[in-house]
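J.: I have a structure here, written as structure tokens, and I will follow up with some questions on it.
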Amino acid sequence: MWVLIGVLGGIAGLFATGWAGLHVWPKPFPSLGVASLDLGSVPIPVGLPQSVARYYRAVCGDEVPRVHSAVVSGLARLRVLGIRFPGRFRFVHRAGRDYRHYIELTFFGRPIFRVNEFYLGGESRLELPFGVTEGEPKVAQAANLGLWGESFWFPSILLSDPRVRWEAVDERTARLVVPFGGEEDRLTVRFDRKPGRVRSIEAMRFKDKSSAGKTLWRNEIVDWMTQDGWHVPAAVRITWQDDVAPWAEFHAREVVLNADVSELVQRRGP
């Protein structure tokens, strides 16, 4: 009996330790150490769907800043094998062209799992502790949607890039048409009635290289913050339609615009 009680107590202790370790947030990555560079601004163009024009006025005013790069850093929660790990992230973008994702999942605030994901020149490469995936067309399609979905942290690129266009759907919904190689892809963007900011971004996306078909991928913006005088997402929750819970949550702490990212976008690590 006492042996059984001891074993059960040990198991309970392990569970308690594991639970505690998954509720300790890591420190964010150090600040990039540079301020956003002001490259001027341009007026909101005429002819946009009403919901889109209302959104840009709500987050930027009557003009939008010019953006050629962005570095977004913060904290995250990602679900792996049903377990929600805390973590930290840094996303580096050449606006509308390339990105690199660096993510660390942590236990008691210490890294236990590192991800380097690249989408450069239309080619994807995913480096995980258990292997590398690259040159897969379905993964590239998913990465391209990620590129444009994350552009809502610096949404002026969605007006200034001539390859992008907006199409009206209804008074609170618009379709964002984006390039994908020599083709196009589409994201459905839904807006709040007031003050008109983006509520969600959805698209049909491949989950991985072996997916038989596309799955609805939904990004909900659940909080906002002010950065350099305009409003950007502070918290984003990502859910696949066939999952019962969000796959990931990203909480931005810093957004730096127009820094030189030529080396950073190809680096491994933060």
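J.: Out of (1) touching a Ser or Thr at 6+ places or on another chain (Cβ under 8 Å); (2) surrounded by fewer than 21 Cβ atoms within 10 Å (Cβ to Cβ), the odd one out for residue 109 is which?
T.: All conditions are met except number (1).
J.: Would you please list the contacts, defined by Cβ atoms under 6 Å and residues six or more apart or on different chains, that run from a residue in region 194-208 that is touching a residue at least 60 places away in the same chain (Cβ under 8 Å) and surrounded by 18 or more Cβ atoms within 10 Å (Cβ to Cβ) to a residue that is part of a loop (DSSP other than H, G, I, E, B) and of a type in the set (Asp, Glu)?
T.: If the second residue must be part of a loop (DSSP other than H, G, I, E, B) and of a type in the set (Asp, Glu), no pairs are left.
J.: Name the residues in region 184-212 that are over 30 Å from residue 38 (Cα atoms) and modelled with pLDDT under 95, would you?
T.: Residues satisfying the conditions are 193, 207, 208, 209, 210, 211, 212.
J.: Taking the stated definitions as given, is residue 160 surrounded by fewer than 20 Cβ atoms within 10 Å (Cβ to Cβ), within 14 Å of the chain's Cα centre (by Cα) and not acidic (Asp, Glu)?
T.: Taking the combined requirement at face value, the residue does not satisfy it.
J.: Do you know which of the residues in region 28-66 that are surrounded by fewer than 19 Cβ atoms within 10 Å (Cβ to Cβ) and among the hydroxyl-bearing types (Ser, Thr, Tyr) is modelled with the highest pLDDT?
T.: Looking at residues that are surrounded by fewer than 19 Cβ atoms within 10 Å (Cβ to Cβ) and among the hydroxyl-bearing types (Ser, Thr, Tyr), I get 31.
J.: Name the residues in region 214-234 that are in contact (Cβ under 8 Å) with a residue 12 or more places away in the chain and either acidic (Asp, Glu) or closer than 22 Å to residue 33 by Cα (or both), would you?
T.: 220, 223, 225, 227, 228, 230, 231, 232, 233, 234
J.: For region 183-211, name all the residues that are small (Gly, Ala, Ser) and closer than 20 Å to residue 125 by Cα.
T.: Hits for region 183-211 are 210, 211.
J.: Has region 124-139 got at least one residue that is touching a Gly at 6+ places or on another chain (Cβ under 7 Å) and over 22 Å from residue 214 (Cβ atoms)?
T.: No; the residues of region 124-139 include none that is touching a Gly at 6+ places or on another chain (Cβ under 7 Å) and over 22 Å from residue 214 (Cβ atoms).
The values are calculated or read from the model by the stated rules, or taken from the named source; none is laboratory data. Being a predicted model, the structure only gives us computed values, none of them experimental. Cβ: placed from backbone, ideal geometry, glycine included. Neighbour counts: every protein chain shown.
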